[in-house]
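See below for the structure under consideration.
Read-outs throughout are calculated quantities, based only on the coordinates presented, and are distinct from any laboratory measurement. Bear in mind that the values here come from a model prediction, so they are computed numbers and not experimental data. Reconstructed Cβ throughout: ideal geometry from the backbone, glycine too, with neighbour counts over all protein chains shown.
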Amino acid sequence: MPDLPPPPPSRPSSARTAVVLAVAAGVLVVALVAFAVVVVQVLSSDADEPEVVPAPDAPADLCAVIGADDLAAWVPDAEAEATTDESQVNTEASCQVDTAGGVTEDLAYGSLGARVYRYGSIGDADRPEAQAVEALADRCEGALEPDAGIGDESCVPYAEESAGSGRTAVEVRRGADLVTVTYYASPLTADEARERALEAATQIVVTLRR
């Protein structure tokens, strides 16, 4: 008697097929939900981070900000030099003006130095203004003059006169910016030195406000 061929493979029942499809669909749904949760978390974390906006560059020519006419009037035979610290991406600038040769034929002389520090770019990104406040307090040593009309707070650490020459220093904070002006000249009074240094600081603060 010849061998009979093997029976054909049995087809899965419709119920089993439905179960398999349901399980596959469930796995797909879970995967999609998990992906959506991850996307939402990433977007939320990005939205919560504050945008860091660096402070604008400091003036490229701080001497020009003060003004050539004033510098010429305040410093006899003035020679001016303006610099910026390129390593700090122009967040620090200075102006130094001195009498050419140290003294004129009439024995007059003068020197004015100004500097700007922008803590919004060179300091701690989380507390730039606080750093400027601390720096000003250190330089003023308790001599703050918040109502001086320049910036947010300021001081004149000293304004002195000796042997016909006047000398002074002015410190001003505006937000996270710190402005320092030192000045001396002869012949000059202490009051004149103070007023001229305050005028120079005012010109710088006005420019930084723009």
Chain lengthening between ALA163 and THR104 when straightened (0.36 nm per residue, less Cα-Cα): 19.5 nm
Segment GLU129-ASP61, length gained on full extension (0.36 nm per residue, minus Cα span): 22.1 nm
Approximate spin-label separation ARG139-ASP70, in nm, with each point projected 7 Å along Cα-to-Cβ: 1.6
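When Lys and Arg each count +1 and Asp and Glu each count -1, what net charge do the other residues less than 9 Å away from TYR183, Cβ to Cβ, add up to?
Counting the neighbours of TYR183, the net charge comes to +3.
At 25 °C and a viscosity of 0.890 mPa s, what translational diffusion coefficient does Stokes-Einstein give for region 149-190, taking Rh as the Kirkwood radius over Cα pairs? Give it in µm²/s as a whole number.
Taking Rh from Cα pairs, D becomes 224 µm²/s.
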